[in-house]
1. Quick one: count up the residues across the range 19-31 that are within 19 Å of residue 83 (Cβ to Cβ) and touching a Lys or Arg at 6+ places or on another chain (Cβ under 9 Å).
2. Residues that are modelled with pLDDT of 95 or more, in contact with an Asp or Glu (Cβ under 9 Å, 6 or more places away or on another chain), crowded, with 16+ Cβ neighbours inside 10 Å and not in a strand (DSSP E or B): does the range 135-150 have at least one?
3. Would you call residue 61 in contact with a Phe, Trp or Tyr (Cβ under 7 Å, 6 or more places away or on another chain) and of a type outside the set (Lys, Arg)?
4. Right, residue 97: open to solvent by 20 Å² or more (accessible area, probe 1.4 Å), in a helix (DSSP H, G or I) and without any contact (Cβ under 8 Å) to a residue 24 or more places away in the chain or not?
5. Would you say residue 104 is modelled with pLDDT of 95 or more, open to solvent by 30 Å² or more (accessible area, probe 1.4 Å) and outside any helix (DSSP H, G or I)?
Amino acid sequence: MIIWINGTFGSGKSTTAYELQRRIRSSFVYDPERFGYVLMRNVPKEIAKSDFQDYPLWREANYQLLKQISQDYKGTIIVPMTLTNEIYFNEIIGKLKNDGIEIKHYTLMATEKTIEKRLRQRFEGKRPWAYQQMEARLKSLASDFFKEQIMTDHMSVDEVVATIAKRSGVKLLPDRRTKIKKRVDRLIISLKEMGLLK
């Protein structure tokens, strides 16, 4: 099974993904962004695209790799990735579904105010790319095409994780970490997302 966690930047995709991985036996977080960064670093700037998702190779490579992993790996694959283009969505998720791979897709939603607050907590001001993309991406993700949406404004990370697990029919392992340990673990994920930790 693949659990795809969609949502705009700052919606909590990565935090949710890694919390799910901690609590689902035999699970793995697959990050499609990594291949995107490889592409961006290896294309001459004269012909480079501003968004790595616009490269057909990025979409095809992630589709093929996810298909291969799904065939070889018996556990749950968790994918935290923003996808707001319906064509691109179909080129990856649609094709995987057509191949008979079970995919549970969830879009983490929140108001602009909540997203702004979360981006500030990640030390991002109003100029970064993520902030500038927020309004258009939230509008796209509100479409029925990107169901199931989960409104997260008043939900804790634990509640989001429990909701996804329940809807996916997945049993969660007990979480015996203290509140402090949870905060530290989630801070580490955030720092990695910002490129401040390897």
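1. Qualifying residue count for the region: 0.
2. Yes, because at least one residue in the range 135-150 is modelled with pLDDT of 95 or more, in contact with an Asp or Glu (Cβ under 9 Å, 6 or more places away or on another chain), crowded, with 16+ Cβ neighbours inside 10 Å and not in a strand (DSSP E or B).
3. Taking the combined requirement at face value, the residue satisfies it.
4. So residue 97 fits the description; yes.
5. When the stated conditions are applied, residue 104 passes them.
The values are calculated or read from the model by the stated rules, or taken from the named source; none is laboratory data. No experiment lies behind these values; they were computed from the predicted model shown. Neighbour counts run over all protein chains shown; Cβ positions are idealised from the backbone, glycine included. Areas reflect the complete protein model, heavy atoms only, side chains present, ligands, DNA and RNA absent. Shrake-Rupley method; radii C 1.70, N 1.55, O 1.52, S 1.80 Å.
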